[in-house]
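Novice: Before I ask anything, let me first share the structure, which is written out below as structure tokens.
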């Protein structure tokens, strides 16, 4: 009986340590932004499962993962819906926790086999553990439409020299380094405990990852010293309306919130600009079907001779439907020319599950009662680049920058961009499809007002930082309530909007100058943009081989 009691106490203490490990990882993504905690959290997970294999290791990893996601995704509770938003948080966290649980199960089992073995085997174990982590991140970013949110590498978005390696490996290279270092630290601690009288017994465990970090930082500092774009500049005006989500959902408030948006825009256009941005779903009524909305927006563009990229819903007849009344609705962005024409439209391709569409709704209609939506959008089916000839049919000489910088963009230069809507910028494999050697910058229109004022806005922006580094070009973000900013090709957060109180969540406008390509200039492609997730798929392949070998050995 005493032995069983002691075993229960030990198991409970392991779960306590697992919770600490999960909270350490979450701390890297919360407002406090303890990026360093991400480097030790994987080690703590394995420490909690030390000596355990099979189901025990899996359960310990699951507790750690659950603690991590419940803490880091707390902003799901801020969605202003009736019912029980906590069910959404628990459901999402319960699913995502399966990934760290699987990681602890796999890595702990191998660790027990190599514990106390040669340096080479322990090094191979730490490398394999990092590869398995990346493989699971690759899967979570694709399975069930994908949710690559808070990948461990994105916690380092402020560490500019480190994250430049993403231009080669994508964000997964940073994730690999973090986990490799963490596992090596874990091995170093075990070496000290095994041989407390041997000096520097730990050194051999960490020397290789430290050397890799030095190489990565040297590479990163070299990239940061490279000259940035020194060509023409595009004057961009961002409007952040900070409309509460409850008002967006209330059709009776459509005229009121559109009036607020126009008032902010009038304030913004007191300064001459080239491009005006409104965030996702900023226009309450569909611009193509509501005559007053269409007339107001196109008149605004004509009177100010400005290009506009704006968020608005769209609709069209359903393809291949036998019923002429069947229609599809799209979350869209529109390009409006200075001549008052709808020059182009992009329909969002990657929709938010349970936010913009309900899976299996035809067979499981009751599911809609657990979501804040009662109907769904249809996903777009193609890339749509937006191209802007700055002055339309009225050429004008470029104006010098009063601060002494580069002149405004040439009137004969066509600017090319593409729009990402909502959380499309968190998908590395998706974003690179929008970039070619003539792309000047990317635009992200989003409405993070769903989640009040919390960590979600910063977590979203952290992912966007990596999309800039991976593809080597600026990304401008216009948001409903933050983080409105632009990010340069090295991942620097530039010109972040803040209201008079210093908050990133308030309403207001921001002006920025975005570097664009000179006439005839081509943007050099990064290795990642050319070759995609080669590093992530390599980790997937290595993980599959290791798993196959382990299962084969077990069967024998």
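Matching residues to (1) outside any helix (DSSP H, G or I); (2) at pLDDT 95 or above; (3) buried (at least 21 other Cβ atoms within 10 Å of the Cβ):
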| site | (1), (2), (3) |
| --- | --- |
| 144 | no, no, no |
| 178 | no, yes, yes |
| 196 | yes, no, no |
| 204 | no, no, no |
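Novice: Moving on. Determine which single condition residue 552 fails, assuming it passes every other condition in (1) part of a helix (DSSP H, G or I); (2) within 30 Å of residue 270 (Cα to Cα).
Specialist: (2)
Novice: Ok, one more. List every residue pair whose Cβ atoms sit under 8 Å apart, with the two residues 6 or more apart in sequence or on different chains, where the first one lies in region 187-201 and is more than 22 Å from residue 127 (Cα to Cα) and the second, anywhere, is modelled with pLDDT under 85.
Specialist: Pairs found: 195/201.
Novice: Right, another one. Step by step: first the residues of region 66-100, then only those that are at pLDDT 95 or above and more than 20 Å from the chain's Cα centre (by Cα), then the one that is surrounded by the fewest Cβ atoms within 10 Å (Cβ to Cβ). Which residue is that?
Specialist: Per the criteria, the residue is 94.
Novice: On to the next question. Give region 41-65 a look and list any residue that's part of a loop (DSSP other than H, G, I, E, B) and either in the same structural domain as residue 482 (by TED's automatic domain parsing) or surrounded by fewer than 19 Cβ atoms within 10 Å (Cβ to Cβ) (or both), or say none. Give the derivation first.
Specialist: Going through region 41-65, the residues part of a loop (DSSP other than H, G, I, E, B) turn out to be 49-53.
Selection gives 50, 51, 53.
Novice: Go through 333, 337 for me and flag whichever is farther than 24 Å from residue 352 by Cα and surrounded by 15 or more Cβ atoms within 10 Å (Cβ to Cβ). Give the derivation first.
Specialist: Details: 333 fails: farther than 24 Å from residue 352 by Cα.
Exactly one residue qualifies, and that residue is 337.
Novice: Between 506, 520, which is in a loop (DSSP other than H, G, I, E, B), out of contact with any helix residue (DSSP H, G or I) (no Cβ under 7 Å at 6 or more places or on another chain) and free of Cβ contacts under 8 Å to residues at least 40 places away in the same chain?
Specialist: 520
Novice: Still on this model: Among the candidates 497, 535, single out the residue that is part of a loop (DSSP other than H, G, I, E, B), under 30 Å from residue 438 (Cβ atoms) and within 23 Å of the chain's Cα centre (by Cα). Walk me through how you get there before you give the answer.
Specialist: Working: 535 fails: part of a loop (DSSP other than H, G, I, E, B).
None of the other options fit; the residue is 497.
Novice: Condition test on residue 125, is it under 25 Å from residue 208 (Cα atoms) and modelled with pLDDT of 90 or more? Spell out the reasoning first.
Specialist: Numbers: under 25 Å from residue 208 (Cα atoms): yes; modelled with pLDDT of 90 or more: yes.
Yes: the conditions hold for residue 125.
Novice: Moving on. For residue 359, indicate whether it is at pLDDT below 95, assigned to a loop (DSSP other than H, G, I, E, B), assigned by TED's automatic domain parsing to the domain that holds residue 485 and under 27 Å from the mean Cα position of the chain (by Cα).
Specialist: yes
The values are calculated or read from the model by the stated rules, or taken from the named source; none is laboratory data. A quick note: this is a predicted structure, and the numbers were derived from the prediction, not measured. Please note: Cβ atoms are built from the backbone with ideal geometry, for glycine as well, and neighbour counts cover all protein chains shown.
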